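These notes concern the structure reproduced below.
The values are calculated or read from the model by the stated rules, or taken from the named source; none is laboratory data. None of the values given here were measured: they were computed from a predicted structure. Using ideal geometry, Cβ is built from the backbone for each residue, glycine included, and neighbour counts are taken over all protein chains shown.
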Number of protein chains: 2
Amino acid sequence: MKIYQNPSEEELKKILTRPFLEQVDLHAIVEEIFDQVALNGDEALKQLTQKFDFASLENLEVTEQEINLASDNLDETLKIAIKEAYKNIYLFHEKQVEEPNKIETTPGVICWRKSVGIEKVGLYIPGGSAPLFSTILMLAIPAKIAKCKEIILCTPCDSSSAVNPAILFTAKLCGITRIFKLGGIQAIAAMTLGTESVPAVYKIFGPGNQYVTAAKLYAQKFKVAIDMPAGPSEVMVVCDENANEKYVASDLLAQAEHGADSQVILVCTNLEKAEKIKRELEIQLNDLPRKKQASLALENSAAIVTSKENIISIVNSYAPEHLILNTNFNESLIDKISNAGSVFIGQYTPESAGDYASGTNHTLPTNGYVKQYSGVSLDSFVKKITFQEISKEGLLNLGKTIEIMASAEGLEAHKNAVSIRLKDL
Amino acid sequence: MKIYQNPSEEELKKILTRPFLEQVDLHAIVEEIFDQVALNGDEALKQLTQKFDFASLENLEVTEQEINLASDNLDETLKIAIKEAYKNIYLFHEKQVEEPNKIETTPGVICWRKSVGIEKVGLYIPGGSAPLFSTILMLAIPAKIAKCKEIILCTPCDSSSAVNPAILFTAKLCGITRIFKLGGIQAIAAMTLGTESVPAVYKIFGPGNQYVTAAKLYAQKFKVAIDMPAGPSEVMVVCDENANEKYVASDLLAQAEHGADSQVILVCTNLEKAEKIKRELEIQLNDLPRKKQASLALENSAAIVTSKENIISIVNSYAPEHLILNTNFNESLIDKISNAGSVFIGQYTPESAGDYASGTNHTLPTNGYVKQYSGVSLDSFVKKITFQEISKEGLLNLGKTIEIMASAEGLEAHKNAVSIRLKDL
């Protein structure tokens, strides 16, 4: 981690610029797989799973028996932990439910908005070395609260056609029973186009590698919505001279272990503290199983030593996915934050709390997109339909206004829809 | 309008399929104009405005004097109408403000969500033959309520460099003072890239022709968000034998006058009534100034005569932008609607009420996108940032759960961020 002391505005801009992500053009392979799935449905999915995951599938769908067996065999301690996280995430997202609120904008004119769950949604959960069962909680819980009618889940199986038991347990806990052994581009193609076994959905959620991301972008051509543009994860930690360097270092490493392209930025008001954190990073790094990934990420990371007054402008200009505030003046910062995905306040609030169990959602925009996008929440699983009901009195009160405006916009048929009614009143 | 009596499921599917919109590939021209604006800024904008709008601009920005003059000279009746609409739209959108709600998910673990206005937004308002000042109300009012810090507006001027006075009056009424005389692709390019005069924004809103739409799609490559995918406007009117055929016909025509590609679908429980509506359409059509556009749209329109029981499945399968319910059994339908943009209930609720003045937003998804997208609302102008603050007690309560889950996902540094703190407690 390189330490920059009081960088100039220009230097700062350079430090905070995210590295350009060279994108391999995956269009051809994505298109080919979509074409195969469109043409041969389940048969294509089986062939592709054989080819990429080395599994011979008889059935694409996980059976009830498989789900129950996995649940039975999963470590009890892990089950309890997942249930605890479930409870918190449910609580937090349940409070996001909006009841319709009828508003009489003019006497006789009643307007309201109603949240309705998106009928069909698909969740993609990566498998392999890191089975992200926590992401199931983050996606399936709001989908259930939103009352989405059809919720399906795709996740890759291993070469023996088995799905990670923690994934199956968590899905079952969330009430998801339609799980397909599908990974990569073919999973996204199946949920977009539909096959004999896999229903087509209206919106696809979930993280994935560059193939999955490219497939999600391509799926939009078929009028399927996606949760958000995906990019490498990132954290900005803000601390002062009072912060515990061990805690700060551990937070930076929790981000760094995601991989070489992870973004890790420290903003510190004190040079000596920044140096202590740097040393502590090296100590903690040595004990990590994912040391290689973390040290690659740290190579691209930066520590900015600056005055208290500059912090907010640095935060809002970088617009981090995760922001940790570990200072004696957190309260003075909170209200001024306009660009951040999720904010962790105080020395006992590590970012991993939000990743797993505090209740907030961990699916957040990266790459500066927090400037205009929110993270996943109940909102992501509903559409808000507006309703209005106008009485005779209401039309008498409002009719003239509509007529005048429609006429001024040159839309006489719009005016006429009012005039023809007013004549009868 | 062709009447289909009790169509089979297969026929129905055909009737409800939206016509394929042949899209001219505008990529080359969009890219060229973006390149010019990137390279030459204001100078490019002036040249392009000369070329496409035949106007020689000295200043791109509308002056305060121009705004005041336009406001002074606008017809008083129109001003009163716009102010009345403003009041209703403000009332409806103001109720969408969400206050942060702190939730203690576990003792000592406090989580909340806060809506923060997107800092910089750009509104595009078409000019020309139909100056859509009503759309300013629909976009600027929620932007102001959201407390977006910078709100700019682009709208084309005429060849004498003048902007429609109703547009200037409405913008001023909404508190928007930065207005640029820019239309088409160059307006979107300016708001995306920024120039000497025009600030770059994070999200672009507003309707437009195929050039504007293509430019908005292209803008996303520069990490700018857009309001929604745009398509031709559409209405589905549901009526029974009790409906007034004149009212129904006027509602269908209000949609049809938008243009040849407008979608107009009638669902009626009674053949005789459908035939009466068809005759009434021909009568009313004759008096319309936009007769040509409306009759072209009617050529592609359909009337489906079906039983009461089939209505909901037809509505939800078509997923109309606008839905008018004009039956004796509206109440029994409302709760079953899952796919519609804005719903108009009862015979005195013409769709034009929502277009102008009832209070709801008229910027809605078309082309079936209501299945997964909402219309514009306050939500469109904010990001929701999550916050969490964990006390010592909170971490003692939740720490173990986080450790177990992180470990099971193979992310030891995530676990360590908790363990290192727990050791001290």
inquiry  = Kindly evaluate B:Leu173 against the criterion of being in contact with a strand residue (DSSP E or B) (Cβ under 7 Å, 6 or more places away or on another chain), touching a residue at least 24 places away in the same chain (Cβ under 8 Å) and closer than 28 Å to B:Leu78 by Cα.
reply    = no
request  = Return the pairs, sorted by first residue and then second, in which the second residue is in a helix (DSSP H, G or I), the first residue lies in the stretch A:38-50 and is more than 16 Å from A:Asp158 (Cβ to Cβ), the beta carbons are less than 7 Å apart, and the residues are 6+ apart or on different chains.
outcome  = A:Ala38/A:Leu193; A:Ala44/A:Gln36; A:Ala44/A:Val37; A:Leu45/A:Val37; A:Leu45/A:Gln186; A:Leu45/A:Ala190
Single residue of the stretch A:114-126 satisfying the filter (surrounded by fewer than 24 Cβ atoms within 10 Å (Cβ to Cβ) and within 8 Å of chain B (Cβ to nearest Cβ)) that is farthest from A:Ile385 (Cα to Cα) = A:Glu119
message = Considering only residues that are surrounded by fewer than 24 Cβ atoms within 10 Å (Cβ to Cβ) and within 22 Å of B:Thr17 (Cβ to Cβ), which ones fall in the stretch B:319-352?
response = B:Ile337, B:Ser338, B:Asn339
request  = Output the qualifying pairs, or none if there are none: Cβ atoms under 9 angstrom, residues six or more apart or on different chains, first residue in the stretch A:379-405 and closer than 18 Å to B:Thr360 by Cβ and within 7 Å of another protein chain (Cβ to nearest Cβ), second residue assigned to a helix (DSSP H, G or I) and among the aromatic types (Phe, Trp, Tyr).
outcome  = A:Thr386/B:Phe92; A:Leu398/B:Tyr356; A:Thr401/B:Tyr356; A:Ile402/B:Tyr356; A:Met405/B:Phe133; A:Met405/B:Tyr356
request  = Spot the failing condition for B:Pro131; the list is (1) surrounded by fewer than 20 Cβ atoms within 10 Å (Cβ to Cβ); (2) of a type outside the set (Ser, Thr, Tyr); (3) without any contact (Cβ under 8 Å) to a residue 60 or more places away in the chain; (4) within 22 Å of B:Ile204 (Cβ to Cβ), and only one is missed.
outcome  = (1)
remark   = Restricting attention to the stretch B:333-352, the residues that are over 19 Å from A:Asn101 (Cβ atoms) and either assigned by TED's automatic domain parsing to the domain that holds B:Ile141 or assigned to a helix (DSSP H, G or I) (or both) number exactly 3
query = Scanning the stretch B:266-294 for residues that are among the aliphatic types (A, V, I, L, M) and touching a strand residue (DSSP E or B) at 6+ places or on another chain (Cβ under 8 Å), which turns out nearest to B:Ala130 (Cα to Cα)?
reply = B:Leu266
query = Just one of A:Ile311, A:Ile304 is more than 21 Å from the chain's Cα centre (by Cα), in a helix (DSSP H, G or I) and of a type outside the set (Asp, Glu); which is it?
reply = A:Ile311
request  = Would you check if there is a residue in the stretch A:364-375 being surrounded by fewer than 24 Cβ atoms within 10 Å (Cβ to Cβ) and in contact with a helix residue (DSSP H, G or I) (Cβ under 7 Å, 6 or more places away or on another chain)?
outcome  = no
request  = Given the conditions (1) more than 21 Å from the chain's Cα centre (by Cα); (2) surrounded by fewer than 18 Cβ atoms within 10 Å (Cβ to Cβ); (3) of a type in the set (D, E, K, R), report the number of the one that B:Lys246 does not fulfil.
outcome  = (2)
query = If a residue has to be among the small types (Gly, Ala, Ser) and assigned to a helix (DSSP H, G or I) to count, how many in the stretch A:220-262 make the cut?
reply = 4
note = B:Ala81 meets each of (1) within 14 Å of another protein chain (Cβ to nearest Cβ); (2) among the aliphatic types (A, V, I, L, M); (3) farther than 30 Å from A:Thr106 by Cα with one exception, condition (3)
key: Cross-chain or 6+ apart pairs with Cβ under 6 Å, the stretch B:313-340 first and facing another protein chain (nearest Cβ under 9 Å), then of a type in the set (D, E, K, R)   = B:Ser338/A:Glu119; B:Asn339/B:Lys371
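To keep it simple, each residue is scored yes or no on (1) charged (D, E, K, R); (2) within 21 Å of B:Lys14 (Cα to Cα).
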| residue | (1), (2) |
| --- | --- |
| B:His258 | no, no |
| B:Gln284 | no, no |
| B:Leu288 | no, no |
| B:Leu298 | no, yes |
| B:Val305 | no, yes |
| B:Lys308 | yes, yes |
| B:Tyr318 | no, yes |
ask   = Would you say B:Ile167 is of a type in the set (Val, Ile, Thr), under 25 Å from A:Tyr373 (Cα atoms), at pLDDT 95 or above and within 20 Å of the chain's Cα centre (by Cα)?
value = no
request  = Enumerate the strands (runs of 3 or more DSSP E) found wholly within the stretch B:125-219, keeping only those where 1 or more residues are touching a helix residue (DSSP H, G or I) at 6+ places or on another chain (Cβ under 7 Å) and more than 26 Å from B:Phe54 (Cβ to Cβ).
outcome  = B:150-155, B:203-205
note = Note on A:Asp355: of the conditions (1) assigned to a helix (DSSP H, G or I); (2) facing chain B (nearest Cβ under 7 Å); (3) surrounded by fewer than 23 Cβ atoms within 10 Å (Cβ to Cβ); (4) of a type in the set (Asp, Glu), unmet is (3)
inquiry  = I need every pair where a residue in the stretch B:99-110 that is buried (at least 20 other Cβ atoms within 10 Å of the Cβ) has its Cβ under 6 Å from the Cβ of a residue that is of a type in the set (Asp, Glu), sequence separation at least 6 or different chains.
reply    = B:Ile110/B:Glu104; B:Ile110/B:Glu389
